[in-house]
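The values are calculated or read from the model by the stated rules, or taken from the named source; none is laboratory data. Just so it is clear, the model here is predicted, and its values are computed rather than measured. Counting neighbours? That spans all protein chains shown, and the Cβs are built from the backbone with ideal geometry, glycine included.
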Amino acid sequence: MAPRKANPHTRQALLDAARMLFLSRGYTATGLDDICATAGITKGALFHYFDSKHALGEAALERWVEDGKRAFGSGSYLQEADPLKRALGFVDFAIELSQAGPPGCIAGIFAQELAPTDEKVRASCAQAFTGMSEIFEVMVAEAKARHAPDAPFDPKSIAQHMFAVFQGAMVLARAYQRPEIVAEHLRHFRAYLEAQFHVVQR
C-alpha cells in the first residue's frame, strides 16, 4: 500500500486546534482526543503528521514563535524614523495584539508547565523569549543612544522587563478572567519607558 500523502491543510488544522486548546486549557489538560475533535480529524490521521502529543506541542510552539515574529515584523511602527517612537510603537503594538483575542502565550504556558521536566521545551521557550526581547532591546538601545546616552538604564534589562510585564499580565488576566489586565499593565510599562527618556505625555 502506498503511503498516505501529507496534506498541509490537515497539518495546519491540527496545529490550529492545538493552539486554541493549549491557550484555553494549557498543555497538560489538553488531550489528543480533544485536539482531533476540534480539528475534525481522526487520531489515526493525527499520527500521520505527529508521532506524539509532545511532537505536536513542539510544532505548535515553533509556529507560535514564527507567527509572533511575523506579526511584530509587520507593524507600522517600524516605519518610524525616530527610534524612541519605534520602541513605544512596539509596546503599542503589543497592547493591540493583547486585545485581539483571549490572553495567553504558548511559550509562557509551556514554560510554566513543562520547563521543570523537559529540557528541550525549556530551551525552546527561553530562546523564544530571548529572540523577542532582543528585537525590542535593539530599539531601546537605539533610542537611548539618540535621546538619553547618559541615562543609567540598561536596554537589555528594560527589554526583559517588558516581557516580564507582558507574561505576568497574561497570568493575572487568566486568573482573574479579565483580558483587559494585559493592556492595562502594558500601558503602565509604556509610561515607565517614557519616564526613562523624560518624555512628557501630552
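A few notes on this one:
- Looking across Gly75, Gly57, one residue alone is more than 24 Å from Arg122 (Cβ to Cβ), surrounded by 17 or more Cβ atoms within 10 Å (Cβ to Cβ), assigned by TED's automatic domain parsing to the domain that holds Gln112 and out of contact with any Pro (no Cβ under 7 Å at 6 or more places or on another chain). It is Gly75.
- Some residue of the stretch 158-177 being assigned to a loop (DSSP other than H, G, I, E, B) and either assigned by TED's automatic domain parsing to the domain that holds Pro102 or hydrophobic (A, V, I, L, M, F, W, C) (or both): yes
- Per this entry, Ile106 is not counted among residues that are over 12 Å from the mean Cα position of the chain (by Cα) and closer than 17 Å to Phe166 by Cα.
- The single condition among (1) free of Cβ contacts under 8 Å to residues at least 40 places away in the same chain; (2) more than 19 Å from His188 (Cβ to Cβ); (3) assigned to a helix (DSSP H, G or I) that Pro152 does not satisfy is (3).
- Entry remark, the stretch 178-202: residues being part of a helix (DSSP H, G or I), in contact with a Leu (Cβ under 9 Å, 6 or more places away or on another chain) and over 15 Å from Gly89 (Cα atoms) number 3 in total.
- When Thr130 is tested against (1) in contact (Cβ under 8 Å) with a residue 60 or more places away in the chain; (2) within 28 Å of Gly26 (Cβ to Cβ); (3) assigned to a helix (DSSP H, G or I); (4) not aliphatic (A, V, I, L, M), just one condition goes unmet, and that condition is (1).
- Selected residue [without any contact (Cβ under 8 Å) to a residue 12 or more places away in the chain and farther than 30 Å from Thr28 by Cβ] from Gly73, Gly89: Gly73
- When Pro103, Pro116 are screened for being within 18 Å of His188 (Cβ to Cβ), part of a loop (DSSP other than H, G, I, E, B) and either at pLDDT below 95 or outside the structural domain of Leu15 (by TED's automatic domain parsing) (or both), only Pro103 passes.
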